[in-house]
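Report on the structure given below.
The values are calculated or read from the model by the stated rules, or taken from the named source; none is laboratory data. Note that the structure is a prediction, hence the values are computed from the model and not measured. Here the Cβ positions follow ideal geometry from the backbone for every residue, glycine too, while neighbour counts run over all protein chains shown. What goes into the accessible areas is simple: the full protein's heavy atoms, side chains included, and nothing from ligands, DNA or RNA. Shrake-Rupley method; radii C 1.70, N 1.55, O 1.52, S 1.80 Å.
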Amino acid sequence: AGGRGQWRWGRRDRGQYGAAGGEDAGSTCVECAGGKYAAAEGAAAEAACQKGGAGKYSGTLGASAEDTCVKCGAGKYADAEGATSGSTCVECGAGKYSGASGAVNVWTCEDCDEGRYSGTVGATSVETCAACGAGKYSGTGGAGSEATCEEGGAGRYAVAAGAPAAGQAVAGLWA
């Protein structure tokens, strides 16, 4: 529940609500809970407190605008509205990254390309995606470990480090 403050000449400030009760100095108003805000003055019910948007959070009591909400950082997302702490921001999984802040769903997390992998959780850049070593390839996008990188095998080769597939060796040349 929100905090309580004194009525100011019978008026409820933005970010607060309360039943009508006049200008009695003993009357109280209630602040909107964390993760919510009320932009209008004089709100009579808690329903006037709107949830902050997905991809954001706020622990501020009595917020009067959504801009008091803080965006989840790059490499994270939050799909719930009205979040009250940064712990609701979920990190992109291994093999994925996102440079966007304020992301609202997991689809913002992009896969490392085939031939690359990353064990980093919450990565913020494609640079965290490492190439499979020379002579190895991987056809798996969004790979979370180097274990997805395979040897080219007899009669096959990897064109370059980070190759998405093994090429077929021409008979009599490399095989």
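I need the phi-derived Karplus couplings for segment 130-146: 6.51 cos²θ - 1.76 cosθ + 1.60, θ = phi - 60°, integer Hz, Gly and Pro marked x.
Once θ is set to phi - 60°, the couplings for segment 130-146 become 8, 6, 4, x, 4, x, 10, 9, 8, x, 9, x, x, 5, x, 7, 5 Hz.
Under a crude label model (7 Å from the Cα following the beta-carbon direction), how far is residue 145 from residue 85 in nanometres?
Rounded to a tenth, the inter-label distance reads 3.1 nm.
Per residue, how much accessible surface does segment 81-138 expose to a 1.4 Å probe? Answer in Å², no decimals.
49 Å²
Considering only protein heavy atoms, what is the solvent-accessible area of residue 125 at a probe of 1.4 Å, reported in Å² to the nearest 10?
My reading of the accessible area for residue 125 is about 30 Å².
List every residue whose amide H lies under 5 Å from the amide H of residue 76, counting only residues 5 or more places away in sequence or on a different chain, with H placed 1.01 Å from N in the peptide plane.
Result for residue 76 returns 92.
Amide H of residue 136: which non-local residues (sequence gap of 5 or more, or other chain) have their own amide H closer than 5 Å, using H built in the peptide plane?
Here 162 satisfy the definition.
Counting Lys +1, Arg +1, Asp -1, Glu -1, what net charge surrounds residue 88 among other residues with beta carbon under 15 Å of its beta carbon?
Here the count lands on +2.
Collect residues whose amide H, placed 1.01 Å from N in the peptide plane, falls under 5 Å from the amide H of residue 120; neighbours closer than 5 in sequence don't count.
95
In nm, to one decimal, how far is the modelled label at residue 46 from the one at residue 107, with both set 7 Å along Cα→Cβ?
3.3 nm
If the cut-off is 20 Å between C-alpha atoms, which lysines fall inside it for residue 76, apart from same-chain ones fewer than 8 positions away?
Within reach: 51, 56, 96.
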